[in-house]
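Working notes for the structure below.
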Amino acid sequence: MTRMSEPEALRVTVGLERPYDVLIGPGILKGIGSLVPERRVALVTDSNVAPLHGSQLADRLALDGRDVELIIVEPGEASKSPATWAGIVERLAERGFGRDCVVIGLGGGMVTDLAGFVAATYLRGVAFCSVPTSLLGMVDAGVGGKTGINLRAGKNLAGAFWQPRFVAADVAVLASLPERQFRMGAAEFFKHALISSTGQLDLLDAGRFSARAAPADLAAWLATNIGVKAAIVAADEREAGVRTWLNYGHTLAHALESATNHELEHGEAVAYGILFASLISEARGYEDTVPYARRLLEFVRPAPLPRELELAPLLPFMARDKKNSASANRFVLLERPGSPVVVDNLTSGELESAWTRLIGHAPFREGAPL
């Protein structure tokens, strides 16, 4: 990690065969144009981000002589669909965008996933730049080259590995996030802390981790946290080994998202998923990480689980999880904070027991305030 001269930014390098940088700091959004040489730009964002940052970025790029196609989709996971993807690539084709164009994804994790998949598939691949505007996007979805859309059968079942040219994380935009969106992104932030950057677990208790924190503090915390993902991606770009660790908490999380038709948002589901995995780990005799998981759940304050939800309808979604092998459910567990392990011999009894305990632990059941 090295410092840039301006604008007081930090740089984390993802050391792949074609390395790229994650730029972290306040004010980066204003300088995006200097990082984009292409004349034709497809700027993908959603209707929440467009009035805050999208229109201004499109105008700045146009003033620099770019031909900008501003593409605004509806917010939420419903837009990460085959229909939305098809509509965007058809629009680019109708406008005559060639292989010398660039796609910029400006928004949260849904937007960067969708825009990245557009870039990966349009004309068999065009340049992509990731500009996440949410905490979740900055520490997770916008970094690492995983792109994709959802199918009715499950989340992210159609996608491609397509690395961005750069990632620009402007921490100043976090102040415009609703508090709930920042809390949800914290689930991915503290996931990285649990699997590797254990020193950051203190931020669960300190009360300092907030979108309103000093920009220099936010940038430093994010640079350390993003460094966890950058190192793992560099070691295993296509999830053949250690990159699976980044799925900690996600096996149940993706099932919860799909089974509730995305009434639970990703960060909320991950918080439940991390507690679920911690309960399994504890039952297996690993070091107790349940207190961390419970504090994370209290920090995220997820929406309540539907009272009628049971484990049985979640199992088919869990069985279709991308990291499963030979029809076995593979789970990422922690032997201790900072020591993830992948297991594929979980029994139905272990899953049922953890689910029953999860329901008992969940502090925000139906009817309780968020």
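The values are calculated or read from the model by the stated rules, or taken from the named source; none is laboratory data. These numbers come from a predicted model, not from an experiment. Cβ placement follows ideal geometry from the backbone for every residue including glycine, while neighbour counts extend to all protein chains displayed.
Looking at the range 226-255 only, could you name the residues that are within 18 Å of F317 (Cα to Cα) and touching a Gly at 6+ places or on another chain (Cβ under 7 Å)? Before the answer, list the steps.
Within the range 226-255, the subset within 18 Å of F317 (Cα to Cα) is 244, 247-255.
Within the range 226-255, G249, H250, T251, L252, A253, H254 meet the criteria.
Could you say which residue among V139, V111, V143, V131 is surrounded by 22 or more Cβ atoms within 10 Å (Cβ to Cβ), part of a loop (DSSP other than H, G, I, E, B), under 18 Å from the mean Cα position of the chain (by Cα) and not assigned by TED's automatic domain parsing to the domain that holds M318?
V143
With the range 153-261 as the region, which helices (runs of 4 or more DSSP H) entirely inside it contain at least 3 residues that are aliphatic (A, V, I, L, M) and in contact (Cβ under 8 Å) with a residue 24 or more places away in the chain?
179-195, 215-235, 250-259
Of these, F276, F317, which one is outside any loop (DSSP other than H, G, I, E, B), at pLDDT 95 or above and among the aromatic types (F, W, Y)?
Just a single option satisfies the conditions, and that option is F276.
R212 passes all but one of (1) crowded, with 17+ Cβ neighbours inside 10 Å; (2) outside the structural domain of V341 (by TED's automatic domain parsing); which number fails?
(1)
Here are G54, G33: which of them is on the phi < 0 side of the Ramachandran plot, touching a strand residue (DSSP E or B) at 6+ places or on another chain (Cβ under 9 Å), part of a helix (DSSP H, G or I) and assigned by TED's automatic domain parsing to the domain that holds C129?
Working: G33 fails: touching a strand residue (DSSP E or B) at 6+ places or on another chain (Cβ under 9 Å).
Sole residue among the options that is on the phi < 0 side of the Ramachandran plot, touching a strand residue (DSSP E or B) at 6+ places or on another chain (Cβ under 9 Å), part of a helix (DSSP H, G or I) and assigned by TED's automatic domain parsing to the domain that holds C129: G54.
Can you find a residue that is at pLDDT 95 or above, surrounded by fewer than 22 Cβ atoms within 10 Å (Cβ to Cβ), of a type in the set (V, I, T) and more than 15 Å from A168 (Cβ to Cβ) anywhere in the range 21-36?
Scanning the range 21-36, I find no residue that is at pLDDT 95 or above, surrounded by fewer than 22 Cβ atoms within 10 Å (Cβ to Cβ), of a type in the set (V, I, T) and more than 15 Å from A168 (Cβ to Cβ), so the answer is no.
Spot the failing condition for G65; the list is (1) more than 22 Å from the chain's Cα centre (by Cα); (2) modelled with pLDDT of 95 or more, and only one is missed.
Here G65 clears every test but (2).
Scanning for something modelled with pLDDT under 95, polar (S, T, N, Q) and surrounded by fewer than 22 Cβ atoms within 10 Å (Cβ to Cβ), does the range 254-264 turn up at least one residue?
yes
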